[in-house]
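This report refers to the structure that appears directly beneath it.
The values are calculated or read from the model by the stated rules, or taken from the named source; none is laboratory data. Small disclaimer: the values here were computed from a predicted structure and weren't measured. Here the Cβ positions follow ideal geometry from the backbone for every residue, glycine too, while neighbour counts run over all protein chains shown. For accessibility, only protein heavy atoms count, side chains too; no ligands or nucleic acids. Shrake-Rupley method; radii C 1.70, N 1.55, O 1.52, S 1.80 Å.
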Amino acid sequence: MEKHDGRDTGEVRFDDPWYDALASGWGELDGTGAPAVPSARLEQEGRTGGTADVYLEVQRSAAFQEVRSRYRRFVVPGVAVFFTWYVGYVVTATTAPGFMARPVAGAVNVAMVAGLGQFLSTFLFTWAYARHARLRRDQAALDLRWDTQELTRSVRGGER
């Protein structure tokens, strides 16, 4: 795993906004009967105060809006096409069983070909989504992540 700034302190930090709460032991007790992670987060929230403003600033930034726009420009039409194709298959199978039963090659009929087409289109859409994310969004989102972390660090006064 790459580190952005090359430092590896070996300690787990709960103030990282990208930290996965589910993997952090959320809900476990600290030995006194109190939840361990929520109290650590509450202490951090009390000290940081201005980090919420940083996230709002980032959300309003042109770079963030561009990443969201790229996401929407791919996902909205893709989901519309995929959903239409799926509903079309279900409606056709329900309303036109004679058409779906037509043989294409041997024992293979239209319904089997369309059903396999559903699987194929799912894999193609997944591949296209991953490719689009890798080529058009991932680098910009990663840059935003590092910028956000730097801004939150500066709001806290550079503490580590």
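Select from region 122-138 the residues that are open to solvent by 70 Å² or more (accessible area, probe 1.4 Å) and of a type in the set (A, V, I, L, M, F, W, C) and list them in ascending order. Working first, answer last.
Of all residues in region 122-138, those open to solvent by 70 Å² or more (accessible area, probe 1.4 Å) come to 123-124, 126-127, 129, 131, 134-136, 138.
123, 124, 127, 135, listed by residue number.
Quick one: would you say residue 52 is within 30 Å of residue 154 (Cβ to Cβ), exposed (fewer than 12 other Cβ atoms within 10 Å of the Cβ), out of contact with any strand residue (DSSP E or B) (no Cβ under 7 Å at 6 or more places or on another chain) and of a type outside the set (Ser, Thr, Tyr)?
Taking the combined requirement at face value, the residue does not satisfy it.
Considering (1) under 30 Å from residue 100 (Cβ atoms); (2) surrounded by 11 or more Cβ atoms within 10 Å (Cβ to Cβ); (3) β-branched (Val, Ile, Thr), say which one residue 155 fails and leave the rest.
Here residue 155 clears every test but (1).
Going through region 75-91 one residue at a time, which ones are closer than 16 Å to residue 128 by Cα and surrounded by 11 or more Cβ atoms within 10 Å (Cβ to Cβ)?
75, 78, 79, 81, 82
Pairs under 6 Å by beta carbon, first residue open to solvent by less than 70 Å² (accessible area, probe 1.4 Å) in region 55-74, partner polar (S, T, N, Q), six or more apart or different chains?
Going by the 6 Å Cβ cut-off, the qualifying pairs are 58/148.
Restricting to region 103-121, name every residue that is surrounded by 11 or more Cβ atoms within 10 Å (Cβ to Cβ) and in contact with a strand residue (DSSP E or B) (Cβ under 7 Å, 6 or more places away or on another chain).
The answer is 109, 110, 113.
On the given criteria, is residue 145 closer than 30 Å to residue 62 by Cα and of a type in the set (Lys, Arg)?
Taking the combined requirement at face value, the residue satisfies it.
Condition (residue is over 30 Å from residue 50 (Cβ atoms) and in a helix (DSSP H, G or I)) applied to region 136-159: is it met by at least one residue?
For region 136-159, residues over 30 Å from residue 50 (Cβ atoms) and in a helix (DSSP H, G or I): present.
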